[in-house]
Amino acid sequence: MAIKYGRPIELREVSRRDGTGASPALDLTVRPRRNRKAEWARRMVRENVLTTDDLIWPLFLIDGNNKREQIASMPSVERLSVDQAVRDAERAMKLTIPCLALFPYTDPSLRDEEGSEATNPNNLVCQAVRAIKKEFPEIGILCDVALDPFTSHGHDGLISDGKILNDETVAVLVRQALVQAEAGCDIIAPSDMMDGRVAAIREGLDRTGLLDVQIMAYAAKYASAFYGPFRDAIGSAKTLTGDKRTYQMDSANTDEALREVELDIAEGADMVMVKPGMPYLDVVRRVKDTFAMPTFAYQVSGEYAMIAAAANNGWLDGDRAMMESLLAFKRAGADGVLSYFAPKAAEKLRTQG
Ligand SMILES: NCc1[nH]cc(CCC(=O)O)c1CC(=O)O
């Protein structure tokens, strides 16, 4: 056998750990690379897999008909009129993506201090829920609960003297959750981070007889710079005054995340979420290990934008970075991921599998 890079190691040298041997003392009975030698072998020992069941696809809605509007900071993501959202729901069905999440771009003329459009049973989100459920009752629909797409100041709650009011906001959020659930949405996802909102929403749903509507709590949601492109998408970037640090979590904390998750579970959350995603995988792991609850992560707009922008510049392989980033959530213990990559990733999974 021709040896290109040196002579073969003899077994007896393996035990020579004092470094006096002719070659460095390497314990080469153990060779982890054996299990990586071919794709079939790698498949055999693979610990985590991503499937289309793991994906939740967020859609942005806009008023009008037959409209698809590009969002500059989120390449390939569009704002959709309701009829187009129905088309994307069909695409999701075909790709076996189990669930959609809906976010509205509210016309500026409908935004006010109180976010009153949030509780309009005929708002854009409710229209889309009814239209999608009419054609595709088998697909899951998640609706975000928070006031920021509807307020003139871009905050998630009601404000008085520059302060976000907790209990008054919760009362409005319950009404927002109820109009969405009555329109037919399956999962209510409070993203506002007010205290006590999960319990109040659960009680409201149960009192109305909406016993089967699930709650996925944005339980550990951080005050993050990575929401920037989302705020472009829903049109709150320019209007937002100040920041959200009095209600969203400090990114320095993880014990606090566990307390938030514990509270939301006690208040009746069926599923919990950590957000943003990739910079907070340690939190995902701690939450999963501590509570063993269905745990989701949100790969947020800024995470999407970073990968998409780098890929569009040719700085990294976009498809591989997308799949690697999604798999990372599984490795961290997540049961699923909200991701703007959902349709693209599902297409890739389909052609691979
Ligand atoms: N409260 C609303 C909400 N729901 C989801 C996101 C961010 C999602 C994303 O960045 O993709 C936000 C923005 C925010 O809290 O400011």
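The values are calculated or read from the model by the stated rules, or taken from the named source; none is laboratory data. From a predicted model like this one, the values you see are computed outputs, not experimental measurements. Note: ideal-geometry Cβ built from the backbone for every residue, glycine included; neighbour counts use all protein chains shown. Surface accessibility is based on the protein's heavy atoms, side chains included, excluding ligands, DNA and RNA. Shrake-Rupley method; radii C 1.70, N 1.55, O 1.52, S 1.80 Å.
Residue by residue, here is whether (1) closer than 16 Å to ASP144 by Cβ; (2) out of contact with any Cys (no Cβ under 8 Å at 6 or more places or on another chain); (3) assigned to a helix (DSSP H, G or I) holds:
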residue: VAL198; (1), (2), (3): yes, yes, yes
residue: ASP243; (1), (2), (3): no, yes, no
residue: THR246; (1), (2), (3): no, yes, no
residue: LEU258; (1), (2), (3): no, yes, yes
residue: VAL261; (1), (2), (3): no, yes, yes
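Quick one: in segment 135-149, of everything that is part of a strand (DSSP E or B) and open to solvent by 10 Å² or more (accessible area, probe 1.4 Å), which residue is farthest from the ligand (Cβ to nearest atom)? Show your work before the answer.
Our first condition is that a residue be part of a strand (DSSP E or B); within segment 135-149, this holds for 140-145.
Those left that are additionally open to solvent by 10 Å² or more (accessible area, probe 1.4 Å): 140, 144.
On the way: GLY140: 17, ASP144: 5 Å.
The extreme case among them is GLY140.
Being outside any helix (DSSP H, G or I) and aliphatic (A, V, I, L, M), is that true of even one residue in segment 168-184?
Just the residues of segment 168-184 that are outside any helix (DSSP H, G or I), to begin with: 184.
Then keep just the ones that are aliphatic (A, V, I, L, M); that gives none.
Scanning segment 168-184 turns up no residue that is outside any helix (DSSP H, G or I) and aliphatic (A, V, I, L, M).
Go through segment 42-86 and count every residue that is in a helix (DSSP H, G or I) and touching a helix residue (DSSP H, G or I) at 6+ places or on another chain (Cβ under 6 Å). Even if it seems obvious, please write down each step before you answer.
Of segment 42-86, the ones in a helix (DSSP H, G or I) are 42-45, 52-54, 82-86.
When the remaining residues are screened for being touching a helix residue (DSSP H, G or I) at 6+ places or on another chain (Cβ under 6 Å), the result is 42, 45, 52, 82, 85-86.
Selection size over segment 42-86: 6.
Among the numbered criteria (1) open to solvent by 10 Å² or more (accessible area, probe 1.4 Å); (2) of a type in the set (A, V, I, L, M, F, W, C); (3) more than 15 Å from the ligand (Cβ to nearest atom), which single criterion is violated by ILE159?
Here ILE159 clears every test but (3).
With the requirement that a residue be among the aliphatic types (A, V, I, L, M) and within 16 Å of the ligand (Cβ to nearest atom), what does segment 178-217 give you?
As a first pass, look at segment 178-217 and keep what is among the aliphatic types (A, V, I, L, M): 178-179, 181, 183, 187-189, 193-194, 198-201, 205, 210-211, 213, 215-217.
If the condition is that a residue be among the aliphatic types (A, V, I, L, M) and within 16 Å of the ligand (Cβ to nearest atom), then ILE187, ILE188, ALA189, MET193, MET194, VAL198, ILE201, ILE215, MET216, ALA217 are the ones that fit.
In the set GLN176, GLN180, which member is crowded, with 23+ Cβ neighbours inside 10 Å, farther than 30 Å from ASP282 by Cβ and touching a Gly at 6+ places or on another chain (Cβ under 9 Å)?
Details: GLN180 fails: touching a Gly at 6+ places or on another chain (Cβ under 9 Å).
Residue meeting the stated conditions: GLN176.
Testing LEU211 on (1) on the phi > 0 side of the Ramachandran plot; (2) in contact with a helix residue (DSSP H, G or I) (Cβ under 9 Å, 6 or more places away or on another chain); (3) open to solvent by 50 Å² or more (accessible area, probe 1.4 Å), one condition comes back false. Which one is that?
Checking LEU211 against (1) on the phi > 0 side of the Ramachandran plot; (2) in contact with a helix residue (DSSP H, G or I) (Cβ under 9 Å, 6 or more places away or on another chain); (3) open to solvent by 50 Å² or more (accessible area, probe 1.4 Å), the one that fails is (1).
Are any residues in segment 147-195 out of contact with any helix residue (DSSP H, G or I) (no Cβ under 6 Å at 6 or more places or on another chain) and at positive phi, and if so, which ones?
GLY154, ASP161, GLY162, MET193 - these are the residues of segment 147-195 that are out of contact with any helix residue (DSSP H, G or I) (no Cβ under 6 Å at 6 or more places or on another chain) and at positive phi.
Is it true that GLU303 is within 16 Å of the ligand (Cβ to nearest atom), touching a residue at least 12 places away in the same chain (Cβ under 8 Å) and out of contact with any helix residue (DSSP H, G or I) (no Cβ under 8 Å at 6 or more places or on another chain)? Lay out the reasoning, then the answer.
On the way: within 16 Å of the ligand (Cβ to nearest atom): yes; touching a residue at least 12 places away in the same chain (Cβ under 8 Å): yes; out of contact with any helix residue (DSSP H, G or I) (no Cβ under 8 Å at 6 or more places or on another chain): no.
In short, no.
Does any residue of segment 237-257 turn out to be crowded, with 18+ Cβ neighbours inside 10 Å, in contact with a helix residue (DSSP H, G or I) (Cβ under 8 Å, 6 or more places away or on another chain), farther than 19 Å from ALA305 by Cβ and among the aliphatic types (A, V, I, L, M)?
Within segment 237-257, one or more residues are crowded, with 18+ Cβ neighbours inside 10 Å, in contact with a helix residue (DSSP H, G or I) (Cβ under 8 Å, 6 or more places away or on another chain), farther than 19 Å from ALA305 by Cβ and among the aliphatic types (A, V, I, L, M).
Which residues, counting only those in segment 258-273, are open to solvent by less than 50 Å² (accessible area, probe 1.4 Å) and more than 21 Å from ALA181 (Cβ to Cβ)?
The answer is LEU258, GLU260, VAL261.
Which members of segment 218-236 meet the condition of being more than 9 Å from the ligand (Cβ to nearest atom) and either open to solvent by 30 Å² or more (accessible area, probe 1.4 Å) or on the phi < 0 side of the Ramachandran plot (or both)? Explain how you work it out, then say what you get.
Taking segment 218-236 as the starting set, the residues that turn out to be more than 9 Å from the ligand (Cβ to nearest atom) are 219-220, 222, 225, 232, 235.
Scanning segment 218-236 gives ALA219, ALA220, TYR222, ALA225, ASP232.
So VAL337 clears everything in (1) touching a strand residue (DSSP E or B) at 6+ places or on another chain (Cβ under 6 Å); (2) over 26 Å from SER191 (Cα atoms) except one condition, right? Which one?
Condition (2) is where VAL337 drops out.
Does SER152 fit the bill of being under 24 Å from the mean Cα position of the chain (by Cα) and surrounded by fewer than 24 Cβ atoms within 10 Å (Cβ to Cβ)? Give the derivation first.
Working: under 24 Å from the mean Cα position of the chain (by Cα): no; surrounded by fewer than 24 Cβ atoms within 10 Å (Cβ to Cβ): yes.
Taking the combined requirement at face value, the residue does not satisfy it.
Just checking, does segment 286-297 include any residue being open to solvent by 10 Å² or more (accessible area, probe 1.4 Å), within 16 Å of the ligand (Cβ to nearest atom) and either in contact (Cβ under 8 Å) with a residue 40 or more places away in the chain or assigned to a helix (DSSP H, G or I) (or both)?
Quick first cut of segment 286-297, residues open to solvent by 10 Å² or more (accessible area, probe 1.4 Å) only: 286, 288-294, 296.
Subsequent filtering for residues that are within 16 Å of the ligand (Cβ to nearest atom) retains 296.
Remaining after also requiring either in contact (Cβ under 8 Å) with a residue 40 or more places away in the chain or assigned to a helix (DSSP H, G or I) (or both): 296.
Looking for residues that are open to solvent by 10 Å² or more (accessible area, probe 1.4 Å), within 16 Å of the ligand (Cβ to nearest atom) and either in contact (Cβ under 8 Å) with a residue 40 or more places away in the chain or assigned to a helix (DSSP H, G or I) (or both), one finds at least one in segment 286-297, hence yes.
Looking at (1) among the small types (Gly, Ala, Ser); (2) modelled with pLDDT of 95 or more; (3) near the ligand (Cβ under 8 Å from one of its atoms); (4) assigned to a loop (DSSP other than H, G, I, E, B), which one does ALA252 not meet, given that it meets all the others?
Only one criterion is unmet by ALA252, namely (3).
Conditions: (1) within 16 Å of the ligand (Cβ to nearest atom); (2) part of a loop (DSSP other than H, G, I, E, B). ASN122 meets all but one. Number of the miss?
(1)
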